[in-house]
Amino acid sequence: MNKNIVLCGVGGQGTVLASKLIAAAAMKKGLSVMSAETIGMAQRGGSVFSHIRIGEGLHSPMIGRGKADVILAFEPGEAVRMLPYLRKGGQAVVSARGIMPVTSALSGSSYKSEYMLAYLEKNVEHLLVIDTERACGEIGSSKVINILLLGAAVYSGALGLSDRDIKEIIKERVPERFHEMNLRALAYTKEYVIQNSLKSAGKERQ
Amino acid sequence: MHKEFLMGNEAIALGAIAAGVNLVSGYPGTPSSEVLETVAKRKRANIYVEWSVNEKSAIEVAAGAAYTGARSMVTMKQVGLNVASDPLMSLEYIGVKGGMVVLVADDPGPISSQTEQDTRHYAAFSKLPCFDPSDPQEAYEMVQEAFEYSEKYETPVFLRPTTRVCHGYASITIKDETEYRVHNFEGFRKDSGRWVIFPRLSYQNHIKIEARNKTLADDFSRYSRNRIYPACEKNTALKKGVASGGISFAYAIETLEELGMTKLLKISTPHPFPENLALSFLDGLTEILCIEELDPIIERELTYICGKYHLPVKIYGKLTGHVKNAGENSQDSVQETIMQFLEIPSISTDDASCADAPPALPVRPPVLCAGCPHRASFYAVKSAMKGRKTIFCGDIGCYTLGNAMPLDMVDTCLCMGAGLGIAQGVGHMEPDTACFAFVGDSTFFASAITGVINAVYNQADMTLVILDNSTTAMTGHQPHPGTGRTMMGGAVQKINIEAVLRGIGLSIVETVNPLDYAASVENVKRVADEPGVKAIIFKSPCIALTKPSGSMTVNSDKCINCRKCIHKLGCPALMISETHVSIDTSLCTGCSLCAQLCPVNAICPPEVNYKGGVHNE
């Protein structure tokens, strides 16, 4: 199994933990992994990304355009920014919550994440948009966005990782006091992905 | 042996530990910092580790250790090598007894640096061997081999990874602790004919170094990491080949494996250049494409070899305009260049992006964090000096971000510690300008103290502003002499910045909390008007080191939506909405600077209850 995964978001959103969990879960299955992420100045509120590559015969951690199987986007605008990396037929998982850049607050121009979501809806065949704000409210923590997105990608089948793979790695890598919360986040996305696929199956039948 | 998922810098650290390194010194700098931090975290009891005060100190400490026969490594980023270049250039002539690796991380892009300088030039300039890894696994093994070569030839050697190798992760195979080498050493033996540099010794050793580098070039032609990859079957008759090194080699081989391999040369030791190997690569080819980042080192070497041996081979690369000569390469840029070179028509892109152009993307430049005390310091100086003729000389650190709008408080930035000298030079030419130099606490210790002495001695008229956040924030919160902590875990006496300044002879040195806006403005107004060299220390810890005191809240009934807070401060926690300003509670640290500026007292600390207001989320 060879997989190329792009994670993207805004500095400070927790993309790094999500990428570490994917890498650890893949390694546990005996797969080789390479990854790269933004470190340094851009972390201070800038656009950040991680590239993760799973499989044999890899030389570099960087993914070329049109080569990503999955994009996990923590912010709609960042999803659009990284969309050229997604291959045809690839899966995008996107958090619906927009993050306003400081520049638009200053200039008074407003950045509307709805436009980004509309663009994604129109142009991405396999798209899962997660209402992370609502989900975090229901789960009772604002810290589970990364697990929500990760879970959605797992249950969509795009990562090549199973429910068991991801639960095991969360137990191993995340402090115990967060386990219950993270398992609830996974249950939430599992339900969401099932409902979503039922909905789209229904659409196809019509 | 076992597998671990490691960052390139962690792999280098563990490789050095496995090689029995006895001492590691360095100065933080992206993308090199994690090497030393990992040694400190994963070391066994007998390794000495220190963050030195700057790169010059660090390389001297590492050289001293290597004089005893110990194995040492010094770590820094590329511009740090400029600071360390004085000892480096002399150490070339003296050499070492124990293995010494000079780890210098280059930063194509540049992503987090002032320059796109290429350390491979320094290797040629200092006549020292240079190793250039292309992935974390290779970096892990290469650092161990680098120690062997260093001892074999009694010379310091460079290990020169670039950002994508330093910060790339890979699941790599590494040694178990039981497989680590133990490096015992003899100790320093007095021998002034060896360790004391004199013109005569330098002359004699220069002759030896030139001879050694010829031997080394032959040795490197047999080094397994310098390698020729054969063309695939369909390309055996092709007279074109590709030469590369570092991360660019990884991009090149991935591209060629997909398109069909041509003859491919991997250069892992750009200096001394493996000439014999290059000759066998060139044999039978007529056109070569060189893919590398920063400067065209491989390209020049191959061009030189073709001239030397009268080979009818065309060498393409940066010098010929076939490869862009600034910025980093990417998988895509390398693929495109190779396809042009091989005259393969570009296939329509396979990506999911689509016919219609995307909406305008949000611009997200890096900004000072919400609650950052630097914002308060800059704003206080800005307010105090409003309407005056001023220059604000900045320096290297998070506070360089003070240049962004709306603060706009960095008029110059050059290199570590330079703001002080620039402020003095401007002041000597423009006596009516109020000259300020801003410097962080770590940068103060690293390279600003001589600038202060220079200012006092030469009767400059300037205000030194020390932004003391009690850490080296930009590079990941390393300790420094003012923090009282060392990498060996001990608590030591803090070096007091105020006492240092008074010791130099400044009579006005005031320490202020920048988060007290009124007091800070008053202080700057008073101090800036004094003659001579005077200093203000804005002391408040980096927000990443302290627990936030809770988020501020906006009383939407009181807020008149004048947006002064947003337009003056540019804090990322402050957001606009239709009717009033709101605060992102997940970012706000409760520094209260916005509340102090608010003309209608609409912003309240978390513990204050206001009546009738609708709570902001």
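Key figures
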quantity: Qualifying chymotrypsin sites (Phe, Trp or Tyr not before Pro) for region B:186-263 [loop in DSSP, other Cβ within 10 Å: at most 14]; calculated: B:F188
quantity: Within chain A, helix-based [θ] at 222 nm, where runs of 4 or more DSSP H residues each add -39,500 (n - 2.57), nearest 500; calculated: -14500 deg cm²/dmol
quantity: Length added when fully stretched, B:R227-B:H206, from 0.36 nm per residue minus Cα-Cα; calculated: 4.6 nm
quantity: Amide hydrogen neighbours beyond the local backbone of B:R485, cut-off 5 Å, H modeled; calculated: B:H480, B:V492
quantity: In nm, spacing of pseudo-spin labels at B:E257 and B:A491 (7 Å Cα→C-beta vector); calculated: 5.3
quantity: Karplus-derived 3J(HN,Hα), 6.51/-1.76/1.60, for each residue of region B:160-172, Hz, glycine and proline x; calculated: 10, x, 10, 3, 5, 7, 4, 9, x, 10, 8, 7, 10
quantity: Cα centroid separation, region B:66-144 to region A:15-79 (Å); calculated: 29
quantity: Accessible area in square angstrom per residue, the protein assembly as shown, 1.4 angstrom probe; calculated: 41
quantity: Positive-end residue, the protein assembly as shown charge dipole about Cα centroid, Cβ charges, pick of B:T585, B:V334, B:I298; calculated: B:T585
quantity: Computed E for B:T320/B:E522 - FRET, C-beta separation, R0 41 angstrom, nearest 0.05; calculated: 0.10
quantity: Using θ = phi - 60° and Karplus 6.51 cos²θ - 1.76 cosθ + 1.60, couplings along region B:451-460 (whole Hz; Gly, Pro as x); calculated: x, 5, 4, 4, 5, 5, 4, 9, 6, 6
quantity: Global form of the protein assembly as shown, assessed from the alpha-carbon gyration tensor, a/c cut-off 1.5; calculated: oblate
quantity: Listing of region B:164-203 residues, each with accessible area lower by at least 40 Å² in the full protein assembly than in the chain alone (probe 1.4 Å); calculated: B:R164, B:H167, B:Y169, B:S171
quantity: Rounded, prolate or oblate (a/c below 1.5 giving rounded, otherwise prolate when a/b exceeds b/c) for region A:3-205 by Cα gyration tensor; calculated: rounded
quantity: 5 angstrom amide H check on A:E75, placed H, neighbours 5+ away; calculated: A:S95
quantity: Virtual spin-label span in nm between B:T173 and A:E56, 7 Å along Cα→Cβ; calculated: 1.3
quantity: Nonlocal amide H pairs with B:K314, under 5 Å, H built at 1.01 Å; calculated: B:E287, B:I288
quantity: Rounded to 5, percent antiparallel among DSSP beta bridges of the protein assembly as shown; calculated: 35
quantity: Stretchable slack from B:L545 to B:R194, in nm (0.36 nm times residue separation minus alpha-carbon distance); calculated: 121.6 nm
quantity: For region B:553-604: rounded, prolate or oblate by the Cα gyration tensor [a/c cutoff 1.5]; calculated: rounded
quantity: Carbon plus sulfur fraction of accessible area for chain B, probe 1.4 Å, in percent; calculated: 55
quantity: Rounded to 5, percent antiparallel among DSSP beta bridges of region B:2-221; calculated: 25
quantity: Sites B:Y309 and A:K29, calculated FRET efficiency, Cβ-Cβ separation with R0 45 Å, nearest 0.05; calculated: 0.30
quantity: In sequence order, calculated HN-Hα J values of region B:209-218 (Karplus, 6.51, -1.76, 1.60; Hz; x Gly/Pro); calculated: 5, 4, 5, 4, 5, 5, 4, 4, 4, 5
quantity: A versus B: buried accessible surface, summed, Å² (probe 1.4 Å, to nearest 100); calculated: 4700
quantity: Region B:510-604: trypsin sites (Lys or Arg not before Pro) falling in loop per DSSP and having at most 16 other Cβ within 10 Å; calculated: B:K558, B:R563
quantity: Helix-derived mean residue ellipticity, 222 nm - over chain B, DSSP H n ≥ 4, -39500 (n - 2.57), to 500; calculated: -10000 deg cm²/dmol
quantity: Potential lengthening between A:K199 and A:D163 on full extension [0.36 nm per residue; Cα-Cα distance subtracted]; calculated: 10.8 nm
quantity: DSSP beta bridges in region A:16-152 [antiparallel fraction, %, rounded to 5]; calculated: 35
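The values are calculated or read from the model by the stated rules, or taken from the named source; none is laboratory data. Because the structure is a prediction, the values reported are computed rather than measured. Please note: Cβ atoms are built from the backbone with ideal geometry, for glycine as well, and neighbour counts cover all protein chains shown. To get the accessible areas, we keep the full protein, side chains included, count just its heavy atoms, and leave off ligands, DNA and RNA. Shrake-Rupley method; radii C 1.70, N 1.55, O 1.52, S 1.80 Å.
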